[in-house]
Amino acid sequence: MPVADPLTTIGWEVFEALDLIGKAGYLQAPDGRENHVLIAQQFGRARLETLGALATRIRRISKDEAGLRYLRGIMAGRRAMLYFTQPSSRTFLSFCAACQILGIGIGEVRDTATSSEFKGETQEDSVRTFGSYFDLIVMRSQLGGLAERMAWVLSNTTRPVPIINAGSGKDQHPTQALLDIYTLQRSFETRGGIDGKSVAFVGDLARGRTVRSLAWLLTNYRDMTLYFVAPKELQIGSDILELLHRRGVRTVLEEDFAAVIPKVDAIYMTRIQDEWDAQPGASGKLGTDRYHFTAAHLAQLRPDAILMHPFPRRQEIAVEVDRDPRAMYWRQMRNGMWIRCALIASMFRREQEIESYDGR
Ligand code: NCD
């Protein structure tokens, strides 16, 4: 019989040294649900479809009072800890809202200066403390790999609780990628789904973790073409390109944004992540205004294409563009709340209760 938590069977150093695919093999329970959500490589196509359908079901149930009350009972009495030591508004609040929809109580630490880490406590001890009081830990950190370490630590305690990575360093943001996929599923529902589509990623692809996670999830679909549009200095990492090629995805690296706009089904705009600049202001000198989507670009965008952005936005998309029906980013954000509900409900094996609701 497969082990309920494979992370109990491997030492930290050996796990840490695995590649992403290797790691993904240690994060699922025997029934295919995630013991922890750390990296996009954990999600295959069937799982993406199940989660999308569950999110839609939850969204429909929530449309009236009786449904909202029913959903609040699904996980009543459970508690989640939101441990966000890196700035966040959307992801933090969407996890908050998702927990509230399912009736989960929440606690939060948003600044290590207000926790005992300030007194010199290790992050391992802090997270173990959260694990003593809560049933789920959602964490965001500027340290790449921290969520992985914490997941391994917790799995190897007497009270293992799941960790969801809500953004780690420059490397991964798996739940953002889930909401992006859910948005693409919904947008292309009547156009044969995501298969065969072309998606352009634009902006800071070197340091944007949302792009790295989503690009991987798109390898679950057939006949995909991904355009990476950025100044040379901010182009996507060769590690990701290699993974994509191994999975048969066509990739095009491009510097000329205007040339790509009419060719694609979806454009995924991103912010310049200048908080990572080695020299403050360095990326401001790269002429990144060329990678802004303006109202004038709308005429070049295909009539059935969509425009996405993980937010926060600066000037990457002009505010006038918001009124265009192809501007999907506000709906995309709201989709995050639904897919996070679905993910949490499924990790705690509550699908049956959701499916069996007969109010609508
Ligand atoms: C992103 C992030 O934190 O990686 N935001 C988000 O979670 N939606 C993108 C960014 O900061 O640019």
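The values are calculated or read from the model by the stated rules, or taken from the named source; none is laboratory data. The shown structure was predicted, so the numbers you read here are calculated from the model rather than taken from an experiment. Methodologically, a virtual Cβ is constructed for each residue, glycine included, from the backbone with ideal geometry; neighbour enumeration extends over all protein chains shown. What goes into the accessible areas is simple: the full protein's heavy atoms, side chains included, and nothing from ligands, DNA or RNA. Shrake-Rupley method; radii C 1.70, N 1.55, O 1.52, S 1.80 Å.
So the values come out like this:
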item	result
Considering residues of the range 52-96 that are within 16 Å of the ligand (Cβ to nearest atom) and among the aromatic types (Phe, Trp, Tyr) only, the residue farthest from His309 (Cα to Cα)	Tyr83
Boolean, Glu49 is surrounded by fewer than 15 Cβ atoms within 10 Å (Cβ to Cβ), assigned to a helix (DSSP H, G or I) and away from the ligand (no atom under 16 Å from the Cβ)	yes
Ala215 being open to solvent by 30 Å² or more (accessible area, probe 1.4 Å) and either modelled with pLDDT of 95 or more or part of a strand (DSSP E or B) (or both)	no
Checking Asp265 against (1) within 15 Å of the ligand (Cβ to nearest atom); (2) touching a strand residue (DSSP E or B) at 6+ places or on another chain (Cβ under 7 Å), the condition it does not meet	(1)
Tally of residues being open to solvent by 60 Å² or more (accessible area, probe 1.4 Å) and closer than 16 Å to Ile21 by Cα across the range 230-247	5
Residues within the range 226-244 that are in a helix (DSSP H, G or I) and either of a type outside the set (Asp, Glu) or not assigned by TED's automatic domain parsing to the domain that holds Asp289 (or both), tallied	7
Those strands (runs of 3 or more DSSP E) lying entirely in the range 91-200 with at least 2 residues open to solvent by 20 Å² or more (accessible area, probe 1.4 Å)	105-109
Filter pass, Arg334 being modelled with pLDDT of 95 or more, open to solvent by 50 Å² or more (accessible area, probe 1.4 Å), more than 24 Å from Ile163 (Cβ to Cβ) and not β-branched (Val, Ile, Thr)	yes
Test: residue in the range 342-349 that is over 16 Å from the mean Cα position of the chain (by Cα), outside any helix (DSSP H, G or I), at negative phi and not polar (S, T, N, Q)	yes
Residue in the range 257-275 that is at pLDDT below 95 and surrounded by fewer than 17 Cβ atoms within 10 Å (Cβ to Cβ) present	yes
Positions within the range 1-40 being assigned to a helix (DSSP H, G or I), among the acidic types (Asp, Glu) and touching a residue at least 60 places away in the same chain (Cβ under 8 Å), in sequence order	Glu16
Residue among Glu148, Glu124 that is away from the ligand (no atom under 16 Å from the Cβ), modelled with pLDDT of 95 or more and within 28 Å of Gln273 (Cβ to Cβ)	Glu148
Pairs, first of a type in the set (Lys, Arg) in the range 170-184, second surrounded by fewer than 24 Cβ atoms within 10 Å (Cβ to Cβ), C-beta under 6 Å, six or more apart	Lys170/Arg207; Lys170/Arg209
Residue tally, condition within 12 Å of the ligand (Cβ to nearest atom) and of a type in the set (Asp, Glu), over the range 304-350	1
